[in-house]
Amino acid sequence: MPDSVVVPIVDELDIVRARQEGRQLAKETGFGPVDLARVATAISELARNIYNYARPGEIELAQITRGPRSGLQVIARDQGPGIRSIEEAMRDGYTTSGGLGAGLPGTRRLVDEFEIESSEGRGTCVTIRKWLR
Amino acid sequence: MIQKIPVLKIGNALIASIQIELNDESAVQFKEDILNQIKATGATGVVIDLTAVDTVDSFLGKIIRDAALMARLMGASVVVTGIQPAVAITLVELGLELEDVVTALNLEKGLARLADLTGGV
Ligand SMILES: Nc1ncnc2c1ncn2[C@@H]1O[C@H](COP(=O)(O)OP(=O)(O)OP(=O)(O)O)[C@@H](O)[C@H]1O
Ligand SMILES: [Mg+2]
């Protein structure tokens, strides 16, 4: 994978750091303002989930290509407690922390591809991709 | 690290324009500052201007909504202004429509709206 940037998520300011790095890389990739906001917001949600539920973890950002398309990939991974029911966690309004429960389902709507893997006690990995149009 | 957002008073209104990228702790502090300033100044309305804000995630969205609801409990109105097109789009896609929050296109219209809500500022 060419040119990937890894932002460790340890303290709360790393959430801002991750979304700023992501916005910058997305800008270099050629995304317009609406997609930049989508990407930055998605990264913010994933980074905050790591910070809240599973820190430390990391956000890996990379420019990607598939055939003629180019885009941005974000991998959020941690070795935290994992998510017991992904189905529940992906439901709008589901939260174990008094949040809005908007993070995961909202992030899925903001991006083109969304994959989540999690196992209890082992950690969580969310991969999202946004393609240039 | 907490960054402070300046809160200005004009007439009976407070104006807070978010010009920096807020981390979570600073956002929480901002909400508390606004409520404390309402109490300290007796302001009847607050404009929160988001013209310079290019990302609003679920956390900041919740802070803004909570600030508006809490201010209302205290007897003050909040108008949120200057939401950028990209921010409006991401908020709705996130599922955060901020239905309970009064908004206006820009600061000027926000102050006019506040004057309507509070019977003159
Ligand atoms: N990386 C993670 N590790 C462990 N649990 C997680 C992780 N990410 C999410 N979860 C679980 O999934 C739930 C739903 O996450 P989601 O981001 O959708 O909502 P939230 O974080 O509770 O609220 P919001 O994001 O709206 O502030 C969380 O409450 C938490 O229980
Ligand atoms: Mg979340």
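Couple of notes before you dig in:
- Considering every alpha-carbon pair of chain A, the percent of pairs per 5 Å bin, from zero through the bin containing the longest distance, is 2, 11, 22, 25, 20, 12, 6, 1, 0.
- The distance linking region A:97-113 with region B:43-76 is 21 Å (Cα centroid to Cα centroid, whole angstrom).
- Using a Förster distance of 22 Å, the FRET efficiency for A:Tyr53-A:Val6 (Cβ separation, nearest 0.05): 0.65
- Distance in nm between pseudo-label sites at A:Arg122 and B:Ala88 (7 Å out along the Cβ direction from Cα): 4.6
- With N as its number of residues, the protein assembly as shown has a Cα radius of gyration that, divided by 2.2 N^0.38 Å, comes to 1.06.
- Approximate spin-label separation A:Glu87-B:Lys39, in nm, with each point projected 7 Å along Cα-to-Cβ: 4.7
- FRET efficiency for the A:Leu132 to B:Glu25 pair, using the beta carbon distance and R₀ = 35 Å, is estimated at 0.50.
- Likely footprinting exposure, B:Thr103, B:Thr90, B:Thr41, fewest C-beta neighbours within 10 Å first: B:Thr41, B:Thr103, B:Thr90
- Within region A:94-129, backbone nitrogen closer than 11 Å to the virtual label 7 Å beyond the Cα of A:Arg69 toward Cβ: A:112-114, A:129
- Among B:Lys39, B:Lys109, the order by Cβ neighbours within 10 angstrom, fewest to most, reads B:Lys39, B:Lys109.
- FRET efficiency, B:Lys109 to B:Ala52 (Cβ-Cβ, R0 25 Å, nearest 0.05): 0.90
- Contact order relative to length of chain B, as percent, for alpha carbon pairs under 8 angstrom and 6 or more apart: 26
- Helix runs (DSSP H) in chain B reaching 15 Å along axis by Cα, Kyte-Doolittle at least -0.5: B:58-74, B:107-118
Every number in this text was worked out from the coordinates using simple rules, so none of it is lab data. This structure is a prediction, so every number in the text was calculated from the model and none was measured. Don't worry about glycine lacking a Cβ; one is built from the backbone with ideal geometry, like all the others, and counts go over all protein chains shown.
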